[in-house]
């Protein structure tokens, strides 16, 4: 009982700070994408591809959420993307408070797009608003067609699902129709986009979606 | 501050019930394996292969942990494995209390081996003892070589790492040596076993390891 009361207390406090982050970001005209998915789903690879495809046409930055280390941040910095690293010290998700600290390290007037790459986890990040404009989840083709039914909250909360590692489809037993049916059953309005950061498949559609968000 | 205090309270209470589970299981001579890993890493597929390879030679059962539904339980029941389903109602891991409830639904005198398939999550399950004899983590070849450094606790807590989906290696850019070095750096004593539940590669080694646990 104690747990449940505290949990809802934490979520109320998180929502309050998420609202504050949202106001801060909106007032500076920054579109913010909360990028979520399992470990190894391909979130950083998607951002690497995004860096190459966007080139200098959009001013953007990344907040990297990791339990420990800064491996992903370094991958993106190598491509010239400004990155702020947040280490969660064991926590399995980013919350609005951590992201508020991250925002303080960024020059928000110099960017129009901000990615927040969440900790790799298909469960907990979906529970915590951070003040984002859009939630995007990455599901890899290697994760199987049953994931929407097993981890429904992430699918319900997201505005877009990027089905990553599309280049591996010929080597997998994935039943793509079954996966798409499961997505529709759990989250009827969720858009799905098939992408391979390795081959570049779907890159145009992804960049188009981002440009649409930027208005 | 409040969170941290409660968290340690939760973990103390969890440890108390985990000890109780451990005593219960030991007194019946049941070896219990806590099977952990990311969503889609191949935990259930490993258990399906185990069912086929063990045949009737070992009396065993499975406790399935899922946020919602019973898809994995049904996969295993189809193979004749007795399964108890635990739905965590949103929680991202099993805890000792949930497993205690599961144990009450099993005839412990009729089994010698119990698998507890945890919720798909590379983070939180590693924090909660459930009374297991061994912790086994499944990491898929598709998850990348950086995972030990990004999610170290799971690697440190586990007795064995099953590197699953080994049949996909020729189609991936995975740097296997870099992965194994990262595993050693984070958890020097962790045994690693390369397995493909699809091709059967490594099955003999896996079944051998299980038989050794059974003594």
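The values are calculated or read from the model by the stated rules, or taken from the named source; none is laboratory data. What you see is a predicted model; the values in this text were computed from it and never measured. A quick note on method: Cβ atoms are made from the backbone with ideal geometry, for glycine too, and the neighbour counts reach across all protein chains shown.
Could you list, in sequence order, all residues of the range A:59-77 that are within 13 Å of another protein chain (Cβ to nearest Cβ) and in contact (Cβ under 8 Å) with a residue 24 or more places away in the chain? Let's see the steps before the verdict.
To start, the set of residues in the range A:59-77 that are within 13 Å of another protein chain (Cβ to nearest Cβ) comprises A:64-75.
Residues satisfying the conditions are A:64, A:65, A:66, A:67, A:72, A:75.
Out of A:129, A:104, A:149, report the one residue that is more than 10 Å from every other protein chain (Cβ to nearest Cβ) and in contact with a helix residue (DSSP H, G or I) (Cβ under 9 Å, 6 or more places away or on another chain).
Every option except A:129 fails the conditions.
With the condition kept exactly as written, say whether any residue in the range A:131-142 is on the phi > 0 side of the Ramachandran plot, crowded, with 20+ Cβ neighbours inside 10 Å and under 14 Å from the mean Cα position of the chain (by Cα). Walk me through it before giving the result.
In the first step, residues of the range A:131-142 are kept if they are on the phi > 0 side of the Ramachandran plot; the result is A:131.
Within this subset, residues satisfying the condition of being crowded, with 20+ Cβ neighbours inside 10 Å are A:131.
Still in the list and also under 14 Å from the mean Cα position of the chain (by Cα): A:131.
Checking the range A:131-142: at least one residue is on the phi > 0 side of the Ramachandran plot, crowded, with 20+ Cβ neighbours inside 10 Å and under 14 Å from the mean Cα position of the chain (by Cα).
Quick one: which of B:100, B:104 is over 28 Å from residue A:90 (Cβ atoms) and either surrounded by fewer than 24 Cβ atoms within 10 Å (Cβ to Cβ) or modelled with pLDDT of 95 or more (or both)?
Answer to the selection: B:104.
Run down B:80, B:37 and say which single residue is at positive phi, in contact (Cβ under 8 Å) with a residue 12 or more places away in the chain and touching a strand residue (DSSP E or B) at 6+ places or on another chain (Cβ under 6 Å).
B:37
Of all residues in the range B:102-111, how many are assigned to a helix (DSSP H, G or I) and in contact (Cβ under 8 Å) with a residue 24 or more places away in the chain?
5
Among (1) within 25 Å of residue A:17 (Cα to Cα); (2) more than 8 Å from chain B (Cβ to nearest Cβ); (3) touching a strand residue (DSSP E or B) at 6+ places or on another chain (Cβ under 7 Å), where does residue A:163 come up short?
Here residue A:163 clears every test but (1).
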